[in-house]
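Asks: Below are the structure tokens for one structure; questions will follow.
Here, each number is a calculation from the coordinates, and none is a lab measurement. What you see is a predicted model; the values in this text were computed from it and never measured. A quick note on method: Cβ atoms are made from the backbone with ideal geometry, for glycine too, and the neighbour counts reach across all protein chains shown.
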């Protein structure tokens, strides 16, 4: 994809009308994502993020719900221009590795905020009342509220390529360790095939791993 420099050069306040449609804005965000090279270092760390569902409930047990999560992560990736390098969606938790262009709290706000809303909407639209009840919590002032994620996700910075690769391997082997598959490649909701350069024609979630600027081997 080639960036439309005419669009990029126009001030945001003047990006109105058919010439500067929402589709054009989306294309520009995608273009920026695909043309950004990043090198992991102490000054430019990556983030390793683990988010666990409320009470460890297996909310993402079915492929339909996993797909809702993957679509939500894709939405967050574009909206916030977050680079996602690796991921896995397990029944009761997710692991992701992202770039560090935003703060950890901002990245989590986009990823977990959008995914929580999409999951709750999906459960409501399909009348999963039992699941909604399990995710519900009473609030004195705002009435009844649903919570998908535990409030304190595990997040820390990665600053070296060897640590990055350890975490990528850990993420991809998660379904194998859990006994869901014998081969990591056979688990659909994971980036393992993309990292092996054997992706499916339509992967659940696009990765940005080719934007990693690797150091030359000594």
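Asks: Would you order 207, 37 from fewest to most other beta-carbon atoms within 10 Å of each residue's own beta-carbon?
Replies: Listing 207, 37 from fewest to most nearby Cβ atoms yields 37, 207.
Asks: Continuing with this model, one more query. Counting only the backbone N, which residues of the stretch 42-64 are under 13 Å from the spot 7 Å out from the Cα of residue 160 toward its beta-carbon?
Replies: So the set is 42.
Asks: Right, another one. Return the FRET efficiency for the residue pair residue 133, residue 182: r is the Cβ-Cβ distance, R0 is 35 Å, and the value is rounded to the nearest 0.05.
Replies: 0.45
Asks: Show me the ranking of peptides 105-116, 88-99, 148-159 by mean Cβ neighbours inside 10 Å, starting with the highest.
Replies: Going by the mean number of other Cβ atoms within 10 Å, highest first, we get 88-99, 105-116, 148-159.
Asks: With each label point set 7 Å from Cα along the Cα-Cβ vector, what nm distance links residue 170 and residue 197?
Replies: Result: 2.7 nm between the two label points.
Asks: Additional query: Calculated FRET efficiency, residue 62 and residue 38, Cβ-Cβ r, R0 22 Å, to nearest 0.05?
Replies: The value I calculate is 0.05.
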